[in-house]
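The next block holds one structure in the form of structure tokens; read it before the comments.
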Amino acid sequence: MSETTGSRRTQVAIIGAGPAGLLLGQLLARGGVDALVLERQSAAYVLGRIRAGVLEQGSVEVLGEAGVGQRLLAEGLPHEGIELAFDGERHRIDLAALTGRRVTVYGQTEVTRDLMQARAAAGLRTVYEAADVSLHGFEGSSPVVRWREGERTHEVRCDYIAGCDGFHGVSRASVPAGALRTFERVYPFGWLGVLSDTPPVSDELIYANHPRGFALCSMRSRSRSRYYLQCALDERVENWSDERFFDELRSRLDEAAAARLVTGPSIEKSIAPLRSFVAEPMRFGRLFLAGDAAHIVPPTGAKGLNLAVADVRSLARALISRYRTGDETGLDAYSERCLRRVWKTVRFSWWMTTLMHRFPGTGDFDQRIQEAELGYLVGSKAASTALAENYVGLPFED
């Protein structure tokens, strides 16, 4: 039988200690707002998740505002372009020349590590391995969050709850079904990913459209590479030896890239399904959803983490304004403002996915359309600029 402790109080209860939740906590702390972060997994588990590695310039700036940009600026790899490969050739999209902005390669694991260390250094509390988290009263004025640690049940009373606990978290699941509208597109393939301690095949990311399927050559550092292959949804990781993976990757690259590919033992290998998902609205009374709790995009456009940063930036500013001045305008506009960016980003990620992958059952007409669009894209400055503007990140709304 569990023992219930007395109630404590905070201004904002943040559910989830991934990069979205930790960044929100960091921004709020710098704005003088008290927050408690709850995470159902262990700190080691959170740090062990292999995720995105491309940050928009705006995301880099937000992390700097949060006081966690020092290592990012020292170790991150600025990229001023990307390469699109098809028909055996590579075509460079010059992001910097087309937009005046760039992206930075810096792993999500490192972002999380920086945020964890900053939170610990400031003496701010994060509860890891919080079991059976439940949200109560967010439709009214006195929300309560309860959880269990061992045999003890705890609760915290708060003014607001921020649901930053991902697609499968408790936050969105706590919203009454009739209050939520969801939109979803599930793609008929997945990504087989490999992480290896080998030098990247190229200084910039290569997105390859090939008759055998999509491939992506990315990196986490100058000595650690991240590669992906489009695969069937029923593929199993156990069926892919390192040798088979790199042989298939080599077959989907142009000759020059294939010749430069350095292979080595994988240190992580996984298969991820692809989906687009949006939940509307992103606010329910005093519960606010942010990041993957509210939306998912396929990784083709490198937008998942960046979209979460944009949500958190907006929510942090709205909450700080509320506590400093009593103005709730930002909170009232949060969902509508975020969803404008969400849907533009969902569109871009869907478009990139459609452009670069081979879909099962595609007919000759659709295949010719895809080839024509690729040709137009690399041959038109206007089309290349549209891609570049979205890839480096749309401007924030203030």
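What follows is calculated from the coordinates using simple rules that are stated; it is not laboratory data. Note that this is a predicted model, so its numbers are computed, not measured. So basically every Cβ, Gly included, is an ideal-geometry build from the backbone, and we count neighbours across all protein chains shown.
Of note:
- If only the Cβ of Lys and Arg carry +1 and only the Cβ of Asp and Glu carry -1, the dipole of segment 164-224 around its Cα centre is close to 120 debye.
- When peptides 75-87, 378-390, 283-295 are sorted by average Cβ neighbour count within 10 Å, with the highest value leading, the order is 283-295, 75-87, 378-390.
- Of all DSSP bridge pairs formed entirely within the chain, close to 75 percent run antiparallel.
- Averaged over residues, the count of other Cβ atoms within 10 Å places the peptides 301-307, 137-143, 30-36 in the sequence 301-307, 30-36, 137-143, highest first.
- Environment charge at residue 110 (Cβ cut-off 9 Å; Lys +1, Arg +1, Asp -1, Glu -1): +1
- Shape call, segment 1-80: gyration tensor on alpha carbons, a/c limit 1.5: oblate
- Across segment 201-323, C-alpha contacts under 8 Å between residues 6 or more apart give a mean separation that, scaled by the residue count, equals a relative contact order of 16 percent.
- As a proxy for reagent exposure, ranking 99, 126 by other Cβ atoms within 10 Å from fewest up yields 99, 126.
- Equivalent ellipsoid, segment 164-226 (semi-axes from 5 times Cα gyration tensor eigenvalues, Å): 36, 18, 9
- Only alpha carbons enter this Debye calculation for segment 331-389, each as an equal point scatterer, and the log10 of I(q)/I(0) it gives at q = 0.22, 0.26, 0.30 Å⁻¹ is -0.92, -1.07, -1.19.
- Per-residue [θ]222 nm for the chain (sum of -39500 (n - 2.57) over DSSP H runs n ≥ 4, rounded to 500): -11500 deg cm²/dmol
- 0 to 90° range, to nearest 10: angle between helix 329-356 axis and the chain longest Cα axis: 20 degrees
- The Cα atoms of the chain define a convex hull whose projected area, averaged across directions, is 20.6 nm².
- Degrees separating the helix 364-379 axis from the principal Cα axis of the chain, which is the longest one: 80 degrees
- Sorted peptide list for 240-250, 60-70, criterion being average Cβ within 10 angstrom, highest first: 60-70, 240-250
- Rg and Dmax of segment 97-162, based on Cα coordinates, read 18.1, 59 Å.
- Tilt relative to the chain, helix 381-392 - C-alpha long axis, 0 to 90 degrees, to 10: 40 degrees
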